[in-house]
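The values are calculated or read from the model by the stated rules, or taken from the named source; none is laboratory data. Predicted model, so just to flag it, every value in this text is computed and none were measured. Here the Cβ is made from the backbone with ideal geometry for all residues, glycine too, and neighbour counts use every protein chain on show. Remember, those area values only see protein heavy atoms, side chains included, never the ligands or the DNA or RNA. Shrake-Rupley method; radii C 1.70, N 1.55, O 1.52, S 1.80 Å.
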Amino acid sequence: MIALRRKELEASCAALGVSDLELLGYHDSGMQGWPQNDLPNAFWHTPVDDAAAGLAELMRTYEPQVVVTYNDYGFYGHPDHIQAHRVTVAALEKWGAPVKLYYTALARSRLRGFREMLREEGIADGPPEDIEEDPNFGTPDELITTVIDCSAVASKKYASLEAHGSQSENIFFLQMGPELFSRIMGSESFVRALDYTGAQVPEDDLFVGVR
């Protein structure tokens, strides 16, 4: 399974045109309360400072101008996503260089009625029914600073998800098919958390103001 997932990850990167893939060797922690949380080398169980040191070293190597990660809720509460947020913020502090930092976001206005829309398209298995009632899921519209039209490359996003064949049963987005997926997921939203450029918001490009 490890070898298969590695090949799927590489295929997903190829679909997106990602040329540099760095693996830090942590194990999937599973969801909150699962026994995997406490296994040796589980990402969630790793001291933030230790993980941040490795990521900071990669930042020194690649010198990114823009960094994107999850918010402190990990988008939907996944322990590894929450840990990714903590580690990224800590790594930026260790590195100390100026960057624009963004958190991925889903506007709550887009979340409302999402399940009903999927049902109208004949898709019964969508996100959990209580997801729209979760106050931590989704981002208030007024907090979103950046919206990017990525409809021209939505088919690549779909292909990158499709590459993860061993997890396809858990990726409800694939049930949409390429056309519906591109229509619904043709834009990306972010919250700008750090900025050194003074660029005005709202933005339509993560690199606005970057020199």
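The selection criterion, being on the phi < 0 side of the Ramachandran plot and assigned to a loop (DSSP other than H, G, I, E, B), holds for Met31.
Within the range 5-28, the residues that satisfy the criterion of being more than 16 Å from Gln167 (Cβ to Cβ) and in a helix (DSSP H, G or I) are Ala14, Leu16. Scanning the range 52-74 for residues that are in contact (Cβ under 8 Å) with a residue 40 or more places away in the chain and assigned to a helix (DSSP H, G or I) yields Ala52, Ala53, Tyr62. Can you tell me which residue is farthest from Phe190 (Cα to Cα) among those in the range 75-118 that are in a loop (DSSP other than H, G, I, E, B) and hydrophobic (A, V, I, L, M, F, W, C)? By that ranking, first place goes to Ala97. Under the condition of being farther than 26 Å from Gly122 by Cβ and either surrounded by fewer than 16 Cβ atoms within 10 Å (Cβ to Cβ) or not hydrophobic (A, V, I, L, M, F, W, C) (or both), the residues counted in the range 178-207 number 14.
Within the range 168-177, one or more residues are surrounded by fewer than 17 Cβ atoms within 10 Å (Cβ to Cβ) and not in a helix (DSSP H, G or I). Between Asp50, Asp38, Asp20, the distinction of being exposed (fewer than 12 other Cβ atoms within 10 Å of the Cβ) and in contact with a His (Cβ under 8 Å, 6 or more places away or on another chain) belongs to Asp38 only. Cβ-Cβ contacts under 7 Å between residues 6 or more apart (or on different chains), taken from a first residue in the range 1-14 that is open to solvent by less than 70 Å² (accessible area, probe 1.4 Å) to a second residue that is among the small types (Gly, Ala, Ser), are listed as Glu8/Ala163; Glu8/Gly165; Glu8/Ser166; Ala11/Ala163; Ser12/Ser160; Ser12/Ala163. Based on this model, can you work out whether Tyr62 counts as more than 19 Å from the chain's Cα centre (by Cα) and either open to solvent by 60 Å² or more (accessible area, probe 1.4 Å) or acidic (Asp, Glu) (or both)? Considered against the rule, which asks whether it is more than 19 Å from the chain's Cα centre (by Cα) and either open to solvent by 60 Å² or more (accessible area, probe 1.4 Å) or acidic (Asp, Glu) (or both), Tyr62 comes out as yes. Residue count for the range 35-49, restricted to those that are assigned to a helix (DSSP H, G or I) and either at pLDDT below 95 or closer than 24 Å to Phe207 by Cβ (or both): 7.
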